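The values are calculated or read from the model by the stated rules, or taken from the named source; none is laboratory data. All of these numbers come straight from a predicted model, not from anything done at the bench. Note that we place each Cβ from the backbone using ideal geometry, even for glycine, and neighbour counts take in every protein chain shown. Heads up: the accessible areas ignore ligands, DNA and RNA and are worked out on the full protein's heavy atoms, side chains in. Shrake-Rupley method; radii C 1.70, N 1.55, O 1.52, S 1.80 Å.
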Amino acid sequence: MFQKNIKVKIEKSIVFHLIDCYENSAIYSEVSEEYQEMTELMYALCEPALFAEFGSYRGIPALMVLYSIGGRISSYATECFCQGDYLKGMLANAMADAALFSMENEVASCIKAMCRERGVGICRRLEAPRDIPMEDQELILERTKAGERYGMRISSGYMIDPVKSNAIIYLLTPDQELFAYEHDCQNCSRLDCKTRNVLENERNRE
């Protein structure tokens with residue numbers, strides 16, 4: 001499966017949370033003004049894409065998934081930093097993270113539809129480096145054919161390029177009612193992750 005018409009949303013509250021800028025911050029007005037000026041361009045730079053292929057992982061039926069917002073926002077952020085415009089670079093990077101984060105729900109819908117059509121459920125989500133070795137990101141890239149279809153690459157350190165991408169292996173089960181799709185913040189060792197509280201707050205509202 002290769003899908004390009006994935007919707008993204010850049011939410012101001014998430015962006016400002018990622019950069020630790022709040023309404024009582026001294027520079028809140030300045031950052032808000034810059035954010036508004038950048039928003040249209042950031043949406044234009046997004047190139048969202050989803051890749052998903054059924055197969056197996058270490059002998060277990062699996063679904064390999066890779067999704068990305070492309071590399072243009074990251075390139076723009078780097079350019080801003082190189083030109084000394086650190087506020088714009090920081091905002092562009094946070095807006096890229098927010099856009100990638102926003103793909104979760106629509107990707108979940110696509111994955112659920114694929115599993116329903118095949119008559120399977122998801123029993124576990126595997127991500128590098130917590131659950132699988134970094135080298136397995138190359139396996140996901142190869143299985144999904146994201147390199148051929150979208151020009152995605154893997155670095156010598158097994159990092160996905162573009163960097164604003166997520167590579168995941170879902171282990172499958174015959175139980176169609178089980179859909180363990182979400183990232184588990186409670187068991188994640190990245191206690192300093194900025195999206196940790198965002199994910200938990202979103203689920204508490206559901």
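Around ILE154, what is the net charge, scoring Lys/Arg as +1 and Asp/Glu as -1 over all other residues with Cβ under 14 Å from its Cβ?
-3
Do the sum for the chain: with -39,500 (n - 2.57) for every DSSP H run of n ≥ 4, divided by all residues, what is the mean residue ellipticity at 222 nm, to the nearest 500 deg cm²/dmol?
Mean residue ellipticity at 222 nm (helix-derived): -14500 deg cm²/dmol.
Could you name the lysines in cross-link range of LYS88, using Cα to Cα under 26 Å and dropping any fewer than eight places away on the same chain?
LYS7, LYS9, LYS12, LYS164, LYS194
Would you work out which of TYR181, GLY119, LEU66 lies farthest towards the positive end of the dipole of the chain, given +1 charges on the beta-carbon of Lys and Arg and -1 on that of Asp and Glu, about the Cα centre?
Positive-most Cα among the choices belongs to GLY119.
Taking all protein chains in place and a 1.4 Å probe, what share, in percent, of the accessible surface of the stretch 26-71 do carbon and sulfur account for?
It is 52 percent, rounded to a whole number.
Just by accessible area at a 1.4 angstrom probe, what is the order of CYS82, CYS123, CYS21 from largest to smallest?
CYS82, CYS123, CYS21
By how many degrees, between 0 and 90 and to the nearest 10, does the Cα long axis of helix 72-82 differ from the longest principal axis of the chain?
40 degrees
In the full protein assembly as shown, how much of GLU37 is accessible to a 1.4 Å probe, in Å² to the nearest 10?
Near enough 120 Å² of accessible area.
On the protein heavy atoms, probe 1.4 angstrom, tell me the percent of accessible surface of the stretch 117-179 carried by carbon and sulfur.
In the stretch 117-179, the share of accessible area belonging to carbon and sulfur is 46 percent.
Go through ALA146, VAL163, TYR76 and say which Cα lies farthest out towards the positive end of the charge dipole of the chain; charges sit on Cβ, +1 for Lys and Arg, -1 for Asp and Glu.
Among ALA146, VAL163, TYR76, the one farthest towards the positive end of the dipole of the chain is ALA146.
Taking K and R as +1 and D and E as -1, what net charge do the other residues with C-beta under 15 Å from the C-beta of ASN5 add up to?
Around ASN5, the charge tally is +2.
Tilt of helix 195-205 relative to the longest C-alpha principal axis of the chain, in degrees (0 to 90, nearest 10)?
Taking the Cα atoms of the chain, the angle to 195-205 is about 70 degrees.
Placing +1 at every Lys and Arg Cβ and -1 at every Asp and Glu Cβ, with all other atoms neutral, what dipole size does the chain have around its Cα centre, in debye to the nearest 20?
660 debye
Let me check something: with ligands and nucleic acids excluded, how do LYS164, LYS4, LYS88, LYS112 order by accessible area (1.4 Å probe), largest to smallest?
LYS4, LYS112, LYS88, LYS164
With only Lys, Arg, Asp and Glu charged, each at its Cβ (+1 for the first two, -1 for the last two), find how big the charge dipole of the stretch 11-54 is about the Cα centre; round to the nearest 20 debye.
Using only the charged Cβ atoms, the result is roughly 100 debye.
Treat every Asp and Glu Cβ in the stretch 27-87 as -1 and every Lys and Arg Cβ as +1, leave all other atoms uncharged, and give the resulting dipole magnitude about the Cα centre to the nearest 20 debye.
580 debye
Quick one: what are the phi-derived ³J(HN,Hα) couplings along the stretch 10-18, Karplus 6.51/-1.76/1.60 with θ = phi - 60°, whole Hz, x for glycine and proline?
9, 8, 4, 4, 6, 4, 5, 5, 5
What accessible area per residue comes out for the chain, rounded to a whole number of Å², with a 1.4 Å probe?
That works out to 54 Å² per residue.
For LYS164, list long-range residues whose amide hydrogen, built 1.01 Å from N in the peptide plane, is under 5 Å from its own amide hydrogen.
Hits under the 5 Å cutoff: none.
Any chance you could look up the accessible area of MET64 with a 1.4 Å probe, heavy atoms only, rounded to 10 Å²?
So the heavy atoms of MET64 present about 0 Å² to solvent.
Excluding GLU142 itself, what net charge comes from residues whose Cβ is under 11 Å from its Cβ, given Lys and Arg +1 and Asp and Glu -1?
Computed value for this residue: -2.
I'd like the Karplus ³J(HN,Hα) series for the stretch 93-103: coefficients 6.51, -1.76, 1.60, θ = phi - 60°, whole numbers in Hz, and an x wherever there's a Gly or Pro.
Result, ordered by residue: 5, 5, 5, 5, 4, 5, 5, 5, 4, 5, 6 Hz.
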